[in-house]
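J.: Sending over a structure as structure tokens; questions will come in a sec.
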Amino acid sequence: MLFYPYNRFSSRANARHVEKALGGPTPHVQVERSISDASLDASCAERREQPARGRRRTYGIVIPTLDEARSIADAVRDARAREGVADVVVVDGGSQDGTRAKARRAGARVVRSPPGRGVQLDRGARSVRGEVVVFLHADCRLPTDGVEAMDAVLDAGHDAGLFAVIYDAPHPLLRLIGAMSRLRTRWTEFGEGALFVERRRYEALGGFAAWPLFEDVDLLARLRRARTLGRARGRVLASARRFQRRGVVRQLLLNIFLYTLFACGVSPEQLHALYTRRVGARSTRRRAGARAHDDTTHGRGDVAPDRERARANGLRRPHMNLYGSRCLESPPEDAATRRDSP
């Protein structure tokens, strides 16, 4: 009996050798050859459809803006300096502070859009060039090896990914938030971490919803359900200006409150109205207080009229009481007055 070992990597050569030795084709050889050829063809077709590992992709960065003149030029220059970035698009929602002009001078393409982060991000994704779309806030910066980290996530078989976040302020709560952003949960992953998605996956999912709030939470949830979301090494540097402007504890509690309502089914439009009303009322009170202070001090930062009136009445300089109201102190009693008093 003739024995010839079957080698699955050279099925055609083995089949010809056995057929020649036996004087004709054998059924088991034909079956083995057909199975091997079919699996090989399927593997090759699958490999042709998938991008080659290790190859450099082209990235398009989308930056939504609304009155970001202070930070947009640095953001655009930092993005354009990255190797592999083919296009940077700034999607402006109606800035009045020269944001668009500064973005153009820095080298970005500017696209106008109605205000609203979801609308702006989706319009930018459909306008930017590149195989992978990166959504970056104007006050955030990618890590030094950000492109290499994104390549590594995509080479691992994912078609979307996210970075952890670190804030540019040393507040303990901000450090805690940055540390928690490393966790893979829906409560700790947000668009602030420079979400990046392959274009074909983004279009298949339908893109960002046209929501004023939590549009990133919605897209991240769909990516998790598709099991395609990876985590990139490194951390995005984010500005802490929102927390510093409103107070770290107050802003954190407001974020948790709004997200809890969203998780309970409250619509993003209602939450945006609530957020705008609370933040807008606080800003109005702050501006009114500043105007009242300017009116009192005649815009010079001093208290000259009050000081003159205090001297005429024998009182000391004006001061602020515990409630923030201006008042005048009485002069200290002398020793004789204290002795005669009951």
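J.: Of the residues 186, 200, which single one is of a type outside the set (A, V, I, L, M, F, W, C), exposed (fewer than 15 other Cβ atoms within 10 Å of the Cβ) and part of a loop (DSSP other than H, G, I, E, B)? Working first, answer last.
T.: On the way: 200 fails: part of a loop (DSSP other than H, G, I, E, B).
Answer to the selection: 186.
J.: Further question on the same structure: Checking the conditions here, which among 132, 165 is among the hydrophobic types (A, V, I, L, M, F, W, C), touching an Asp or Glu at 6+ places or on another chain (Cβ under 6 Å) and buried (at least 24 other Cβ atoms within 10 Å of the Cβ)?
T.: 132
J.: Shifting gears a bit: Collect the residues in region 241-277 that are among the aliphatic types (A, V, I, L, M), surrounded by 13 or more Cβ atoms within 10 Å (Cβ to Cβ) and closer than 16 Å to residue 173 by Cβ, keeping them in residue-number order.
T.: 248, 252, 254
J.: A further question on this structure: Going through 109, 48, 57 one at a time, which residue ends up being among the basic types (Lys, Arg) and at pLDDT 95 or above? Reasoning before the result, please.
T.: On the way: 48 fails: at pLDDT 95 or above; 57 fails: at pLDDT 95 or above.
Unique residue meeting the criteria: 109.
J.: Further question on the same structure: Restricting to region 100-129, give me the number of residues that are open to solvent by less than 30 Å² (accessible area, probe 1.4 Å) and more than 25 Å from residue 269 (Cβ to Cβ).
T.: Residues meeting the conditions: 4.
J.: Quick one: residue 145 ticks every box in (1) open to solvent by 30 Å² or more (accessible area, probe 1.4 Å); (2) farther than 23 Å from residue 221 by Cα; (3) modelled with pLDDT of 95 or more except a single one, so which number is it?
T.: Here residue 145 clears every test but (3).
J.: Oh, and also: Being buried (at least 17 other Cβ atoms within 10 Å of the Cβ), in contact with a Leu (Cβ under 6 Å, 6 or more places away or on another chain) and either more than 22 Å from residue 258 (Cβ to Cβ) or modelled with pLDDT under 95 (or both) is true for just one of 220, 229. Which residue is that?
T.: Values: 220 fails: in contact with a Leu (Cβ under 6 Å, 6 or more places away or on another chain).
Just a single option satisfies the conditions, and that option is 229.
The values are calculated or read from the model by the stated rules, or taken from the named source; none is laboratory data. This one's a predicted model, so the numbers in the text were calculated from it and none came from an experiment. Ideal geometry is used to build each Cβ from the backbone, glycine not excepted, and the neighbour counts take in all protein chains shown. For accessibility, only protein heavy atoms count, side chains too; no ligands or nucleic acids. Shrake-Rupley method; radii C 1.70, N 1.55, O 1.52, S 1.80 Å.
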